[in-house]
Amino acid sequence: MAEKKNKARSQVSARLNILFLGVFLLFSALILRLGMVQIVQGESYEEELTHVSNQTARIDAPRGLMYDSYGNVVVDNSMELSVTYTNPGNQKAEDILELAIKLSDFIEVDTENLRFRDKQEYWYVTHSEKERKALIEGKKVDDKDEYQTIIDEITEEMVDGYSKEEEQVIAIFTHMLRGTSGTPQRIKQSITEEEAHVLSEHLDKLPNIDLQRDATREYVYGDTLRQLYGSVGSIQSEKVDDYLANGYARSDLVGNSYLELQYENVLRGTKAEISRTSTRTGGEEAESVVEETLGSRGNDLVLSVDMEYQQLLDEAVEKHVMKNRGYYLQQQEGSAYAIVMNPKTGEILAISGFVDPAGEDESYLHPTGAVNNAFEFGSVVKGASVLTGMQEGVVTPDTVVNDQPLHFNGTPEKKSVTSMGPVNMGTALERSSNVYMFEIAMRMGNYTYNSNIPQSQRSLFGLSVANDVLERSRYYFSQFGLGTQTGIDLPHEVTGITGVPQEPGASLDFMIGQFDTYTTLQVGQYASTIANDGVRMRPRLVKEILEPSINGEEATVVKEFAPEVLNEVDMSKDKLDVVQNGFRRVVTGSRGTASSIKTDVPIAAKTGTAEISVAIGEGDNRQVLNGNNQSFIGYAPYDDPEIAFAVIAPKVQIPRGTSYKIAQGIAQDLVNDYFDLQENREGPKSVDSVMDEVDLFENE
């Protein structure tokens, strides 16, 4: 019995020893592990307990200014307040919408350009998941495509009927969604004083909404050249990827047209950066360090345009259009376009357009029409025509042509305004002989006109020959800038319409400027090239790029654009002299077509009239009106040109009894105004400035 008890005690003791050993080993392992954590891995765990966050906000800087050639500010920045929203990076669309609803109580935004897509996204957020899923029920859709598929299923009928108040919310919500995390997104520019006052009192209830100093474009001289300066707005949707790749934010405002677009990289300011670094160690309160990098205004542009002269040119164009408004074709707008260049440098000194619409719409300045609107310019191209003939070897200055009507089988009659009889090249330019130019085209096609055979047997050459004549002629015309890019420093320019002949006579019409169409800019470059002895210069609107001055110091020239020769024409100086003398005879000759012009300095010029037809009315009331495009080119002084110019007044009635020379009247004024300014300058007239209206919606 005693032995059994001793045996039991022995077994218990052994088990306890094993248990104690196990506990010892566990504690040893735990101590070892704690040692590893503290000694070996302590630093890495301490780093994990220390949390560092960094947030950078980028604040837009004003764009560069624009000056005229005499240092007058023509495009300025007007300081204003904008309402902004800064996405902290973790807000859900539902929360953003709730904030948009609150904000709509304090500001009113423009909803004119609200898109269908914006309303679709609003519908998506304001409906339950069950309602959204119902739109794609039965469709096999991957998770990654679900959102877009649902959006595509939201029809116009589903989003029609939103109230004005809801559209306000949608517009605000849309602007907020476009923001980039940490970067202020404009919700509204140029808020009113009342809006700013009310909103500032409620900012504590509107998280991530702020009032920010901003700048908008101010056009110091009203609408003068406003079109040509271009627009500033949201990045156009098709260009977003390109801008993002170049460091822009989706919410940035950029130049979208004309000079603002062409010189976007120059005018764009350097954003200010506010970087906030927050460090929290363990449970301690976070420490914040704020670093600010100042922004800077973009670089400035110095334009070639003289604003004082520009205002005078605008006045002249408007005056002659309105004075002769009753002489434009019925139901057609009254308009005219003009450009003045320095033929030796290519600098554009003034560029103008004016349109008085038919009906009750208000008239407006339209300088971009001189770049974008193309017309048949008529006889002003005859300088290029005779140079083509001389270069092809089919005529010389002494060639005499009998100016009489030409009749062909299957081709409309070809004639001058009046039968002139025998004329040489100089007289053909002075009196504007069409038949002389027709003869050049016929000779280029190896055709000899014979009036002694019956008209039914008198057929002009075929279309293949006509196309060959046109191709060769266009080659020479393009050397003067006609029918080709002028090279102006704008993102886009029209080159006109190259006609496709339906009958051989089109090759003859081309020689008198009644087939292909050209812009006023192209014809201005053509006039400049003749004035500059056959040297074609690149037209320029910007002379210099300046780094903004600081503290009143003189601005630094970053880049100066030197005059650039595009090409020299194939024709010799002797041949160009023939045209220059012929253009002088247009003004001084007893039967010159511009002998009535009165200028303060001697000029050389060429008149033009292109016959046009315009259809008006519908159905039984439809009728075709015949009219003219009046044009006028020249340069002054004729022996040492300082300016070259081109003018056109399209869709004018054919004169009956009296002659109304709209284009010539504008040309006379622009010449006299230019040289008057050389004697007496008073500076541009002060007018009410115009503020830009920025569209914050992405353009379609």
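The values are calculated or read from the model by the stated rules, or taken from the named source; none is laboratory data. Since this is a predicted model, take the numbers as computed values, not measurements. Cβ atoms come from the backbone with ideal geometry, glycine included; neighbour counts cover every protein chain shown.
Residues of region 213-231 being over 17 Å from residue 187 (Cβ atoms), not polar (S, T, N, Q) and not in a loop (DSSP other than H, G, I, E, B), which ones?
217, 218, 219, 226, 228, 229
Looking at region 207-236, I want the residues that are free of Cβ contacts under 8 Å to residues at least 40 places away in the same chain and have a partner that is among the hydrophobic types (A, V, I, L, M, F, W, C) and in a helix (DSSP H, G or I) with Cβ atoms under 9 Å, at least 6 apart or on another chain. Which pairs are those?
Correct list of pairs: 230/259; 230/261.
Any idea which of (1) charged (D, E, K, R); (2) without any contact (Cβ under 8 Å) to a residue 24 or more places away in the chain; (3) under 28 Å from residue 68 (Cα atoms) is the one residue 319 doesn't satisfy?
(2)
Could you list, in sequence order, all residues of region 114-144 that are of a type in the set (Phe, Trp, Tyr) and in contact (Cβ under 8 Å) with a residue 40 or more places away in the chain?
Within region 114-144, 116, 122 meet the criteria.
Every residue in region 576-597 that is among the basic types (Lys, Arg) and under 16 Å from residue 645 (Cα atoms), please.
Once the filter is applied, which keeps residues that are among the basic types (Lys, Arg) and under 16 Å from residue 645 (Cα atoms), region 576-597 yields only 584.
I'm trying to understand the selection: among the residues of region 127-148, which are surrounded by 15 or more Cβ atoms within 10 Å (Cβ to Cβ) and outside any loop (DSSP other than H, G, I, E, B)?
132
Condition check: in contact with a strand residue (DSSP E or B) (Cβ under 9 Å, 6 or more places away or on another chain) and assigned to a loop (DSSP other than H, G, I, E, B). Does residue 633 satisfy that?
No: the conditions fail for residue 633.
Taking region 320-358, which residues are closer than 18 Å to residue 626 by Cβ, over 25 Å from the mean Cα position of the chain (by Cα) and buried (at least 24 other Cβ atoms within 10 Å of the Cβ)?
Selection gives nothing.
I'd like to verify a number: residues in region 149-174 that are surrounded by 12 or more Cβ atoms within 10 Å (Cβ to Cβ) and either under 13 Å from residue 101 (Cα atoms) or basic (Lys, Arg) (or both), how many?
9
Scan region 360-380 and report the pairs whose first residue is touching a residue at least 60 places away in the same chain (Cβ under 8 Å) and charged (D, E, K, R) and whose second residue is surrounded by fewer than 20 Cβ atoms within 10 Å (Cβ to Cβ) and part of a strand (DSSP E or B), with Cβ atoms within less than 9 Å and a gap of 6+ or a chain change.
376/611; 376/612
Where in region 484-598 are there helices (runs of 4 or more DSSP H), lying fully within it, with 3 or more residues that are modelled with pLDDT under 95 and in contact with a Phe, Trp or Tyr (Cβ under 8 Å, 6 or more places away or on another chain)?
Filter on region 484-598 gives an empty set.
Among 566, 625, 546, which is the only one that is surrounded by 13 or more Cβ atoms within 10 Å (Cβ to Cβ), more than 30 Å from the chain's Cα centre (by Cα) and touching a residue at least 24 places away in the same chain (Cβ under 8 Å)?
Testing whether each residue is surrounded by 13 or more Cβ atoms within 10 Å (Cβ to Cβ), more than 30 Å from the chain's Cα centre (by Cα) and touching a residue at least 24 places away in the same chain (Cβ under 8 Å) leaves just 625.
Being aliphatic (A, V, I, L, M), in contact with a helix residue (DSSP H, G or I) (Cβ under 8 Å, 6 or more places away or on another chain) and closer than 26 Å to residue 269 by Cβ is the requirement here; does residue 191 meet it?
Taking the combined requirement at face value, the residue satisfies it.
Output the residues belonging to region 664-684 that are assigned to a helix (DSSP H, G or I) and in contact with a helix residue (DSSP H, G or I) (Cβ under 8 Å, 6 or more places away or on another chain).
Passing the criteria: 665, 666, 669, 670, 673, 674, 677.
Scan region 295-315 and tell me whether some residue there is of a type in the set (A, V, I, L, M, F, W, C) and in contact with a His (Cβ under 7 Å, 6 or more places away or on another chain).
Among the residues of region 295-315, not one is of a type in the set (A, V, I, L, M, F, W, C) and in contact with a His (Cβ under 7 Å, 6 or more places away or on another chain), which makes the answer no.
In this structure, does residue 551 turn out to be over 30 Å from residue 661 (Cα atoms) and exposed (fewer than 13 other Cβ atoms within 10 Å of the Cβ)?
Criteria met by residue 551.
When region 425-458 is examined, which residues are found to be touching a Ser or Thr at 6+ places or on another chain (Cβ under 9 Å), polar (S, T, N, Q) and under 24 Å from residue 470 (Cα atoms)?
432, 433, 434, listed by residue number.
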